[in-house]
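One structure below.
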Amino acid sequence: MTTVDYVYRVDAPAGSAGWRPLGARYRGTISTATQPEDAEFVAAVVVRDLATEWDHEGSGVHHVRICVWRDTEGVGPEDAECTVEVQPDLDTLPGA
């Protein structure tokens, strides 16, 4: 059985500046030891953890992007093995 390390980073939109990392708390490494657990699996784990945090805070869904790389952090989605963007449902926002 081979262990694979996937590195992830959560970014937030920063207007015309593009995206900015949310900080050290939203970066990490997840090691997988079974074949079906790949970059998409790691992204799903990060999304699940974020959703749990937002639910606990009562803050609702935030607009974020999760990039996942194999072994070491890259630059952005252009060199990531998987990128997932999460956006709030605009129909459920106040005033919508």
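The values are calculated or read from the model by the stated rules, or taken from the named source; none is laboratory data. Small disclaimer: the values here were computed from a predicted structure and weren't measured. With ideal geometry, Cβ positions are generated from the backbone for all residues, glycine too; neighbour counts draw on all protein chains shown. Remember, those area values only see protein heavy atoms, side chains included, never the ligands or the DNA or RNA. Shrake-Rupley method; radii C 1.70, N 1.55, O 1.52, S 1.80 Å.
Note down the nm distance, to one decimal, between modelled labels 7 Å out along Cα→Cβ at residue 24 and at residue 59.
The modelled label-to-label distance comes out at 1.8 nm.
Only helical DSSP H runs with n ≥ 4 go in: add -39500 (n - 2.57) per run for the chain, normalise by residue count and round the 222 nm mean residue ellipticity to 500 deg cm²/dmol.
-7000 deg cm²/dmol
What length, rounded to one decimal in nm, is gained on full extension from residue 31 through to residue 49, with 0.36 nm per residue of separation minus their alpha-carbon distance?
In short, 4.9 nm is gained.
From the list [x] 14.4; [y] 5.7; [z] 7.3, can you say which value of mean projected area of the Cα convex hull in nm² was derived from the structure given?
Here the calculated entry is [z].
Within the stretch 22-62, whose backbone N sits under 20 Å from a point 7 Å along Cα→Cβ of residue 3?
Residues 27-43, 45-46 fall inside that zone.
What is the helix-to-structure angle for 39-57, meaning the angle in degrees between its Cα long axis and the longest Cα principal axis of the chain, kept from 0 to 90 and rounded to the nearest 10?
40 degrees
Using a 1.4 Å probe on the protein heavy atoms, what percent of the accessible area of the stretch 1-48 belongs to carbon and sulfur?
It is 53 percent, rounded to a whole number.
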